[in-house]
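This is the structure, below, for whatever I ask next.
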Amino acid sequence: ANQPLDGLWLRGPYLHNGSVPTLRDLLEPSAARPKTFYRGYDVLDPARVGFVSNVAEEGGRKFFFFDTALPGNGNFGHEGPAYGTELDPSDKDALVEYLKGF
């Protein structure tokens with residue numbers, strides 16, 4: 001079953017294994033996506049659409065370090081014209097702005 005797009009801005013990290021922190025990162029080829037980031041911080045990143053993923057700890061809370069090089073954590077695939085990874089940067093930004101409205 002397909003997931004509805006409403007609330008897409010709140011569903012990060014993305015891909016089946018949560019290996020891409022933001023929608024904007026998902027629009028990049030896998031080689032340009034973040035290789036490591038932190039999961040678990042509950043502060044939204046409104047510009048890139050997802051959660052802030054560059055904070056390791058705050059207020060005594062340590063966040064999970066996600067490394068895409070580990071088995072099962074890969075963020076490759078979902079690339080090409082059908083996935084928007086070949087769009088111009090301004091078109092990617094416009095698409096992210098559009099998706100914020102869902």
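Compute from the Cα atoms of the chain the Rg and the Dmax, the latter being the longest Cα-Cα distance, and quote both in angstrom.
13.6, 43
Let me ask something else about it. What do you reckon, how do Arg39, Arg33, Arg61 stack up by accessible area (1.4 Å probe), largest on top?
Heavy-atom accessible area, descending, gives Arg61, Arg39, Arg33.
Just how far, in whole angstrom, is segment 32-57 from segment 72-102 if you go by their alpha carbon centroids?
16 Å
How large is ³J(HN,Hα), in whole Hz, for each residue of segment 46-55 in order, when computed from phi with the Karplus curve 6.51 cos²θ - 1.76 cosθ + 1.60 and θ = phi - 60°, using x for Gly and Pro?
Once rounded to whole Hz, the list reads x, 6, 9, 6, x, 10, 4, 10, 10, 10.
What is the helix-to-structure angle for 89-99, meaning the angle in degrees between its Cα long axis and the longest Cα principal axis of the chain, kept from 0 to 90 and rounded to the nearest 10?
80 degrees
Could you tell me the relative contact order of segment 1-71? Use alpha-carbon pairs under 8 Å, at least six residues apart, and round to a whole percent. The partial results should precede the final answer.
Values: 99 pairs, mean separation 20.5, N = 71.
Relative contact order comes out at 29 percent.
Follow-up question, since we're still on this one. Where does the chain land at 222 nm, in deg cm²/dmol rounded to the nearest 500, when only DSSP H runs of n ≥ 4 count, each adding -39500 (n - 2.57), divided by all residues? List each step's numbers first, then the result.
Working: 2 runs with 15 residues, N = 102.
That comes out to -4000 deg cm²/dmol.
Rounded to the nearest 20 debye, what is the charge dipole size of the chain about its Cα centre when +1 sits on each Lys and Arg Cβ and -1 on each Asp and Glu Cβ?
For the chain, the charge dipole is close to 320 debye.
Excluding ligands and nucleic acids, what accessible area in Å² is computed for Phe64 using a 1.4 Å probe, to the nearest 10?
The accessible area of Phe64 comes to roughly 120 Å².
The values are calculated or read from the model by the stated rules, or taken from the named source; none is laboratory data. These numbers were taken from a predicted model, which means no experiment stands behind them. Cβ coordinates were reconstructed from backbone atoms using ideal geometry, including for glycine residues, and neighbour counts include every protein chain displayed. Heads up: the accessible areas ignore ligands, DNA and RNA and are worked out on the full protein's heavy atoms, side chains in. Shrake-Rupley method; radii C 1.70, N 1.55, O 1.52, S 1.80 Å.
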